[in-house]
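The values are calculated or read from the model by the stated rules, or taken from the named source; none is laboratory data. Just so we're clear, the structure is a prediction, and the values are computed from it rather than from any experiment. Neighbour counts run over all protein chains shown; Cβ positions are idealised from the backbone, glycine included.
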Amino acid sequence: MKCDYCEIIEQPNHTEILYEDKDLFIIVKDMVITPGQITIVPKAHHPIVEMLPHPIMEKCALLANKVSMALFDIMGGGTNILIQNGLAGGQKVPHFAIEIIPRKENDTLPLQWPSKQLGEADLESTYSLYQEELHREKKQPDQTSSSTTDAKLLESSEKPSEKKQESKKEKIKTDSYLLKSVNRLP
Amino acid sequence: MPELTEDQRKALEEKIKNMSPAELAELQKQQCIFCQIIAGKIPSKKLHEDDTSLGILDINPAAKGHILLMPKQHYAIMPQMPDEIITHLFTVAQTLSQLQLRALKATGTNLFVANGPEAGQRAQHFLLHIIPRREGDKLLEVEEKMLDKQYQKSIHTSVQPRLYELLGLKLEKPTEPSLSQPKTQQPQPKQQDQIPIEPSPAKSPSPQPAAKRPSKEDVSLDDIANLFK
């Protein structure tokens, strides 16, 4: 299976491109949740949020804001900015993207949720799961500063995904990105 | 908030009109539940805190473990926020999304922003939602529809000039007709060599020598990425 977004990047003439630079595309897709939806797609193939290098995320976020402002001006109403991460997160293409979705009052798009009323016990148990994980990350010997532990963990996962770019296209199907890179480490 | 009577509302409007920007900001803060949380006046379960942002557990979540990430400064919507706050929140969100995958064994996440009440925004304080997802949880079940080619083009034509204006770029006509628009004189962006928005170098340190810990949890990211096969 070829990645749909990599295909667009290779053959951009078949898509409506609003903007392009060395890092990313801003496009009008033909499959959308609602008309007016705009998509920001980094050129490099990073499947999920956790694999995306921070600088690319920063750039995508700033451009998402600009696209959102443009939609406000042109269509009125509001906007949603949505990242679908992982199959369970509704992601259709295994290539990170940000969707900017114009909204109108009573448009009935299912982009809302009924709030769950959680009891203190439920909250506490979820919180302790998070705390355990954060604690475990802090205890890792190769992590130095505790306040930036999370960020460092993520940075360390950037390198593998960047390495991966070189040979990404043929290997998307079967390879386990991080595992491969992990194997290369001492 | 309780309903105000007509007189009370008028008095309040009058009061607000005469306030200085600093006083207004202060009033906004007092009215905003998230500013109260940030100030520590309302207790919360904190998962991330730094100088400019706070991430807490949502007590009325879409799903168990739903995180609200917010700027400490009061902004109602994203367009009001300075660039460095936006970039910071989104990169912190990356780490919190990863935390959800690991701590909750979630198999996906959503990063979600609602700008304006039409978009479902309920709080007056900008929030970046990070929602843990599982197959079949029936959240945000959006369906995609095929967009008519003409419609797709008209969106392109109407959005592009404004977007370029906002980016401070000039829209130039193509030197050759492009394949996607064989007959129209639609302007095409000239490929930019210089990008208008560069991520700040201070915030993007060169990657550390990859020190990925080969613990069993590490496969989770791959598992999630590989589900697409």
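Say whether the condition of being under 26 Å from B:Ile33 (Cβ atoms) and of a type in the set (Ser, Thr, Tyr) is met by at least one residue in the stretch B:104-127.
yes
Residue-wise test of (1) in contact (Cβ under 8 Å) with a residue 60 or more places away in the chain; (2) of a type in the set (A, V, I, L, M); (3) farther than 25 Å from B:Glu141 by Cβ.
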{"residue": "A:Asp4", "(1), (2), (3)": "yes, no, no"}
{"residue": "A:Ile9", "(1), (2), (3)": "no, yes, yes"}
{"residue": "A:Thr34", "(1), (2), (3)": "yes, no, no"}
{"residue": "A:Ala44", "(1), (2), (3)": "yes, yes, yes"}
{"residue": "A:Leu62", "(1), (2), (3)": "no, yes, yes"}
{"residue": "A:Met75", "(1), (2), (3)": "no, yes, no"}
{"residue": "A:Leu82", "(1), (2), (3)": "no, yes, no"}
{"residue": "A:Ala88", "(1), (2), (3)": "no, yes, no"}
{"residue": "A:Val93", "(1), (2), (3)": "yes, yes, no"}
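Any idea which of (1) on the phi > 0 side of the Ramachandran plot; (2) surrounded by fewer than 20 Cβ atoms within 10 Å (Cβ to Cβ) is the one B:Gly116 doesn't satisfy?
For B:Gly116, the failing item is (2).
Working only within the stretch A:24-75, note down all residues that are within 18 Å of B:Leu163 (Cβ to Cβ), in a helix (DSSP H, G or I) and out of contact with any Lys or Arg (no Cβ under 9 Å at 6 or more places or on another chain).
Those that are within 18 Å of B:Leu163 (Cβ to Cβ), in a helix (DSSP H, G or I) and out of contact with any Lys or Arg (no Cβ under 9 Å at 6 or more places or on another chain): A:Lys59, A:Cys60, A:Ala61, A:Leu62, A:Leu63, A:Ala64, A:Asn65, A:Lys66, A:Val67, A:Ser68, A:Phe72.
Quick one: would you say B:Arg102 is surrounded by fewer than 24 Cβ atoms within 10 Å (Cβ to Cβ) and part of a loop (DSSP other than H, G, I, E, B)?
The answer is no for B:Arg102.
Please give the strands (runs of 3 or more DSSP E) falling wholly within the stretch B:1-84 in which 2 or more residues are of a type in the set (D, E, K, R) and on the phi < 0 side of the Ramachandran plot.
Fully inside the stretch B:1-84 and qualifying: B:46-49.
Just checking, which of A:Gly119, A:Gly77 is out of contact with any helix residue (DSSP H, G or I) (no Cβ under 8 Å at 6 or more places or on another chain) and surrounded by fewer than 23 Cβ atoms within 10 Å (Cβ to Cβ)?
Matching residue, one of A:Gly119, A:Gly77: A:Gly119.
When residues of the stretch B:63-100 are filtered for being under 26 Å from A:Leu63 (Cβ atoms) and facing another protein chain (nearest Cβ under 7 Å), how many remain?
The number of residues fulfilling the criteria is 12.
Yes/no per residue for (1) at pLDDT 95 or above; (2) more than 7 Å from chain B (Cβ to nearest Cβ); (3) surrounded by fewer than 21 Cβ atoms within 10 Å (Cβ to Cβ):
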| site | (1), (2), (3) |
| --- | --- |
| A:Lys2 | no, yes, yes |
| A:Glu7 | no, yes, yes |
| A:Pro12 | no, yes, yes |
| A:Pro42 | yes, yes, no |
| A:Lys59 | yes, no, no |
| A:Val67 | yes, no, no |
| A:Gln84 | yes, no, no |
| A:His95 | yes, yes, no |
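Go through (1) within 27 Å of A:Leu52 (Cα to Cα); (2) surrounded by 14 or more Cβ atoms within 10 Å (Cβ to Cβ); (3) polar (S, T, N, Q); (4) modelled with pLDDT under 90 for B:Gln188 and report which single condition fails.
Every condition holds for B:Gln188 apart from (1).
Check A:Ile101 against each of (1) farther than 15 Å from B:Glu118 by Cβ; (2) in contact (Cβ under 8 Å) with a residue 60 or more places away in the chain and name the one condition it does not meet.
(1)
Being assigned to a helix (DSSP H, G or I), in contact with a Lys or Arg (Cβ under 7 Å, 6 or more places away or on another chain) and at pLDDT 95 or above is the requirement here; does B:Thr87 meet it?
It is true that B:Thr87 is assigned to a helix (DSSP H, G or I), in contact with a Lys or Arg (Cβ under 7 Å, 6 or more places away or on another chain) and at pLDDT 95 or above.
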